[in-house]
Amino acid sequence: MQTLKFLGRGSAFNIQERNTSAYIKKDGNLLLLDCGENIFQKIIETKLLDNVKEVNVAITHCHSDHVGSLSSLILYCYFIKHIKTNVYLANSNLVGLLDSMGVTNEYCELYNCIFNPSLLIKNMNIEIGFIPTDHCKEIYSYGIIFAKEKDKVIYYSGDCNNIDEGIINALKEGNIIEFYQDTCLADYDGNVHLSLRKLCELIPKEYRHKVYCMHIDCPELIEKAKTEGFNVVEVEEVK
């Protein structure tokens with residue numbers, strides 16, 4: 001069962017599917033994973049911030065399809081909703097990026113997870129951690145892992161072109177109960193995303209029902225991934 005809800009599931013160039021971004025909303029508290037170029041618009045369209053009293057955002061990396069409208073969200077929350085956004089990151093470059101846009105610690109609280117293996121989002125009782133991933137040489141990228149219940153966690157890959165052996169073992173051992181993975185149909189040397197072919201090589205068939213493909217690059221991937229036994233994330237409809 002898909003715990004995370006998605007505002008978009010597309011790759012950077014698959015604009016029809018919008019940028020990949022997921023969330024959990026619980027008792028007036030929101031945890032958003034990534035906030036790409038068109039995600040703030042989707043947040044407004046879906047009225048996601050209605051009845052929200054706390055906004056938490058975790059960022060996997062600084063490509064614009066993952067942070068492109070983060071400043072708009074933070075400033076909207078501060079000036080319109082009177083909420084100071086909590087931003088969780090493992091990349092100090094994001095601090096400078098927000099500062100260049102006039103978003104200082106007056107408007108948001110920044111929690112740098114480089115020095116903290118995991119942090120507790122108290123009002124949601126969610127412990128969140130960042131795991132380095134292989135994506136591209138220009139910037140640091142991270143997957144996000146957080147607990148759904150004791151000793152049972154959800155893994156959100158962010159953008160990556162491989163899967164750490166420890167993560168795969170945790171899936172096989174039953175410690176990861178939901179696995180959200182960047183997947184593309186494109187398959188070539190130097191690809192910064194994980195091809196469906198490679199995903200099939202890494203994940204045995206008996207575990208694929210726990211894996212949800214996201215950050216998809218084309219419509220053809222959807223049925224091909226399902227044929228191989230994987231899920232494809234469903235997206236939140238505009239109200």
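Each value in this text was obtained by applying a stated rule to the coordinates, not by laboratory testing. Because the structure is a prediction, the values reported are computed rather than measured. Here Cβ is always computed from backbone atoms with ideal geometry, including for glycine, and neighbour counts include all displayed protein chains.
Structural remarks
- Between ILE15 and GLU109, the FRET efficiency estimated from the beta carbon spacing at R0 = 25 angstrom works out to 0.20.
- The helix-based estimate of mean residue ellipticity at 222 nm for the chain, built from -39,500 (n - 2.57) per DSSP H run of four or more residues and divided by its residue count, is -5500 deg cm²/dmol to the nearest 500.
- From the coordinates shown, Rg and Dmax of the Cα atoms in Å corresponds to which of [x] 17.6, 55; [y] 16.8, 49; [z] 16.9, 60: [y]
- Amide H to amide H distances under 5 Å link ALA22 with LEU7, LEU33, where only residues 5 or more positions off or on other chains count and H is placed in the peptide plane.
- DSSP loop chymotrypsin sites (Phe, Trp or Tyr not before Pro) with at most 10 other Cβ within 10 Å: longest gap in the chain: 14-114
- With 0.36 nm allotted per residue and the present C-alpha distance subtracted, the ALA147-SER100 stretch has 13.6 nm of extension available.
- Under 28 Å of direct C-alpha separation, and excluding same-chain neighbours fewer than eight residues apart, LYS26 reaches these lysines: LYS5, LYS42, LYS47, LYS53, LYS81, LYS84, LYS122, LYS148, LYS150, LYS152, LYS210, LYS239.
- Residues ASP182, ASP164, ASP189, sorted so that the one with the fewest Cβ neighbours within 10 Å comes first: ASP189, ASP164, ASP182
- Part-to-part distance (alpha-carbon centres) for region 197-213 and region 93-119, which is given in Å: 34
- Here the label points at GLN41 and GLU201, each 7 Å from Cα along the C-beta direction, are separated by 3.8 nm in the simple model.
- Net charge of neighbours whose Cβ lies under 12 Å from the Cβ of ILE83, counting Lys and Arg as +1 and Asp and Glu as -1: +1
- Between HIS209 and GLU127, the modelled label-to-label distance comes to 2.9 nm, taking each label 7 Å out from Cα in the direction of the beta carbon.
- Between VAL52 and GLU138, the modelled label-to-label distance comes to 2.8 nm, taking each label 7 Å out from Cα in the direction of the beta carbon.
- Local charge for THR20 was computed over the other residues whose Cβ lies under 12 Å away, with Lys and Arg +1 and Asp and Glu -1, and equals -4.
- Segment GLU228-TYR188, extension gain: residue separation times 0.36 nm, minus the distance between their alpha carbons: 12.4 nm
- Local electrostatic count at GLY229 - Lys and Arg +1, Asp and Glu -1, tallied over other residues with Cβ under 12 Å: +3
- Note on region 127-231: Rg/Rh from C-alpha atoms, Kirkwood Rh, equals 0.95.
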